[in-house]
1. Could you list all residues from the stretch 132-144 that are among the polar types (S, T, N, Q) and free of Cβ contacts under 8 Å to residues at least 40 places away in the same chain?
2. Kindly indicate whether residue 78 is open to solvent by 30 Å² or more (accessible area, probe 1.4 Å), touching a residue at least 12 places away in the same chain (Cβ under 8 Å) and hydroxyl-bearing (Ser, Thr, Tyr).
3. From the list 49, 26, 4, which one is modelled with pLDDT of 85 or more and either touching a helix residue (DSSP H, G or I) at 6+ places or on another chain (Cβ under 6 Å) or among the charged types (D, E, K, R) (or both)?
4. Please indicate, with yes or no, whether at least one residue in the stretch 176-186 is farther than 24 Å from residue 78 by Cα and part of a strand (DSSP E or B).
5. Filter the stretch 35-54 for residues that are charged (D, E, K, R) and either under 10 Å from residue 70 (Cα atoms) or open to solvent by less than 80 Å² (accessible area, probe 1.4 Å) (or both) and give the result.
6. Please count how many residues of the stretch 159-172 are open to solvent by less than 50 Å² (accessible area, probe 1.4 Å), part of a loop (DSSP other than H, G, I, E, B) and either among the β-branched types (Val, Ile, Thr) or within 19 Å of residue 128 (Cα to Cα) (or both).
7. Please determine whether any residue of the stretch 151-158 is surrounded by 12 or more Cβ atoms within 10 Å (Cβ to Cβ) and hydrophobic (A, V, I, L, M, F, W, C).
8. Of all residues in the stretch 104-131, which are open to solvent by 70 Å² or more (accessible area, probe 1.4 Å), in contact (Cβ under 8 Å) with a residue 40 or more places away in the chain and over 15 Å from residue 169 (Cα atoms)?
Amino acid sequence: MKKRIAGIILVVISLGALCFWELWGREHITYDRVLVLRESLPKNTLITREMFRERLIENAAEGAIMSIDAESLIGMETAQYVAAGTELYMEYFQESKFAVGEEEGKFILSIPEQWLKSFPQTLKRGDRAFFYCAGEIVTDAVVAYVRDGTNQEVYYGDDERLTSSASVSLIEVVVTEEQARLLGKLADKENKFVILYY
């Protein structure tokens with residue numbers, strides 16, 4: 001009788017251990033906790049904490065960013081299109097070109113229409129704009145925003161920028177205080193700028 005009870009107890013313990021392993025143990029002990037995006041992000045998107053979620057993967061690829069490393073990505077930006085739900089790698093991110101504030105020493109400058117002689121209608125966020133005055137480059141800056149007449153961001157339907165959502169009316173760039181002073185002084189002398197980009 002004691003052997004029968006001991007056998008039943010061993011079977012119950014074995015089944016319990018098997019259920020525990022299959023329902024909880026396997027994922028929490030052997031799986032890696034990797035970081036993934038909640039939604040797909042286009043290139044040049046500033047990263048915030050809310051964009052991430054954790055995903056358990058049995059054998060994460062070497063170099064995949066683990067969930068404990070999420071803080072290292074906050075404030076960076078996407079260097080390319082990144083799909084939702086896929087493992088993330090440092091190659092997908094870069095230091096933000098759009099970071100502004102006193103700590104960075106950079107600010108957003110809106111370029112008034114009266115300062116401009118000409119600018120490309122295919123300009124978009126993330127481009128490096130070169131300001132020419134009297135035929136010479138005076139400075140360059142990263143384009144932070146390109147807006148239409150209703151203050152909406154201008155988007156392009158393809159990578160070649162053949163179709164756009166609207167015409168460009170307002171350009172805002174990331175500049176240092178020195179760059180802002182330089183552009184302001186030149187504009188005060190009634191100079192006008194030609195903007196080129198690549």
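1. none
2. no
3. After ruling out the rest, the residue left standing is 49.
4. No, every residue in the stretch 176-186 fails to be farther than 24 Å from residue 78 by Cα and part of a strand (DSSP E or B).
5. The answer is 49, 53, 54.
6. Step one: of the stretch 159-172, the residues open to solvent by less than 50 Å² (accessible area, probe 1.4 Å) are 161, 166, 168, 170-172.
When the remaining residues are screened for being part of a loop (DSSP other than H, G, I, E, B), the result is 161, 166, 168.
Add one more test, that the residue is either among the β-branched types (Val, Ile, Thr) or within 19 Å of residue 128 (Cα to Cα) (or both), and what stays is 161, 168.
The total comes to 2.
7. Scanning the stretch 151-158 turns up at least one residue that is surrounded by 12 or more Cβ atoms within 10 Å (Cβ to Cβ) and hydrophobic (A, V, I, L, M, F, W, C).
8. 106, 107, 108, 128
The values are calculated or read from the model by the stated rules, or taken from the named source; none is laboratory data. Predicted, not measured: the structure shown is a model, and the values here were computed from it. For neighbour counting, all protein chains shown are included, and Cβ atoms are generated from backbone atoms with ideal geometry for every residue, glycine included. These accessible areas exclude ligands, DNA and RNA; they are computed on the full protein's heavy atoms, side chains included. Shrake-Rupley method; radii C 1.70, N 1.55, O 1.52, S 1.80 Å.
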